[in-house]
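Engineer: Here you go, one structure.
The values are calculated or read from the model by the stated rules, or taken from the named source; none is laboratory data. Because the structure is a prediction, the values reported are computed rather than measured. As a convention, Cβ positions derive from the backbone with ideal geometry for all residues, glycine included, and neighbour counts pool all protein chains shown.
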Amino acid sequence: MTAIVGLVHDGAVFLGGDAAGVSGYSLTVRADAKVFSNGPYVMGFTSSFRMGQLLRYSFNPPAPLGQGVENTHDVPRFMATTFVDAVRETLKSGGWLKKDSEREDGGTFLVGVRGRLFEISDDFQVGESADGYAAVGCGHEIALGALYATAKTRMAPQRRVRFALEAAERFSAGVRGPFTYAEAAP
C-alpha cells in the first residue's frame, strides 16, 4: 500500500502521498492524509495509519538543530539521534513500537526539514538520498522512475511530485488518489 514521494528543490522540501488503505485484496480510499506538517517538519508515512496518527497528533518533535547542533552539516546527526529517539518514545507510548530480541521496529516514513529529505526505515535508520528525492511504499520504484525521468526537465517541483504519484497510481494496485501534499519552506 502507498506511494509517498519527496523532493528537494531550491531549499524547500515537497511531499505528496496517496490515499489507499490496503488489506489483502481490499482497498479503501482514506480521508485521513498520509502527508502532513508537524511543526517545521513535513512527513509522509507508509506501514500503518496508526503510526501516522501518532506522528501527526502525538509526536512533539524536537526543534531542528537544537541541543548545541550549530549548522546544517549536523542535520543528519540530529535526525539519527535526537529526532529518532523522540519518534521511538512516541511510538512506544502509543503502543505501536514492536520489540523482538531487544530490537525495536517502527515503520517507514519520509521527513523533510531545513531543505533536507530523510527516509526513516522500520529499524530507525536515517537515510538521505544523494539524488535529492525519495519515495516509499509499494509504489516507490515507479515513483522513483518518474522522478528520475523528470530530473533534468524544467517541470515545477510540485508537478514532478504529482507526476510521480500519478505514475505509481497507474502501475501499482496499492496506490490511489486523491493525493495530498505538504511543503517545508527553506
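Engineer: Of all residues being touching a strand residue (DSSP E or B) at 6+ places or on another chain (Cβ under 7 Å) and not hydrophobic (A, V, I, L, M, F, W, C) in the range 74-90, which is farthest from residue 124 (Cα to Cα)? Just the residue, please.
Structural biologist: Ranking the qualifying residues of the range 74-90, first place goes to 76.
Engineer: How many residues are touching a residue at least 60 places away in the same chain (Cβ under 8 Å) and within 20 Å of residue 48 (Cβ to Cβ) if we restrict to the range 120-142?
Structural biologist: 8
Engineer: Restricting to the range 1-50, count the residues that are more than 9 Å from the chain's Cα centre (by Cα), buried (at least 19 other Cβ atoms within 10 Å of the Cβ) and within 12 Å of residue 184 (Cα to Cα).
Structural biologist: 6
Engineer: What pairs come out if I take residues in the range 155-168 that are of a type in the set (Asp, Glu) and pair them with residues that are in a helix (DSSP H, G or I) whose C-beta lies under 9 Å away, six or more apart or interchain?
Structural biologist: Once the first residue is of a type in the set (Asp, Glu) and sits in the range 155-168, its partners that are in a helix (DSSP H, G or I) give 166/146.
Engineer: Specify which of the listed residues (107, 68, 95) is modelled with pLDDT under 95, touching a Ser or Thr at 6+ places or on another chain (Cβ under 8 Å), of a type outside the set (Phe, Trp, Tyr) and part of a loop (DSSP other than H, G, I, E, B).
Structural biologist: It is 107.
Engineer: Another question, then. Does residue 117 satisfy the condition of being within 14 Å of the chain's Cα centre (by Cα), of a type outside the set (Lys, Arg), over 19 Å from residue 37 (Cβ atoms) and not in a loop (DSSP other than H, G, I, E, B)?
Structural biologist: So residue 117 fails the test.
Engineer: For the range 154-186, give me each residue that is under 22 Å from residue 113 (Cα atoms) and either out of contact with any strand residue (DSSP E or B) (no Cβ under 8 Å at 6 or more places or on another chain) or not in a helix (DSSP H, G or I) (or both).
Structural biologist: 156, 159, 179, 180, 181, 182, 183, 184, 185, 186
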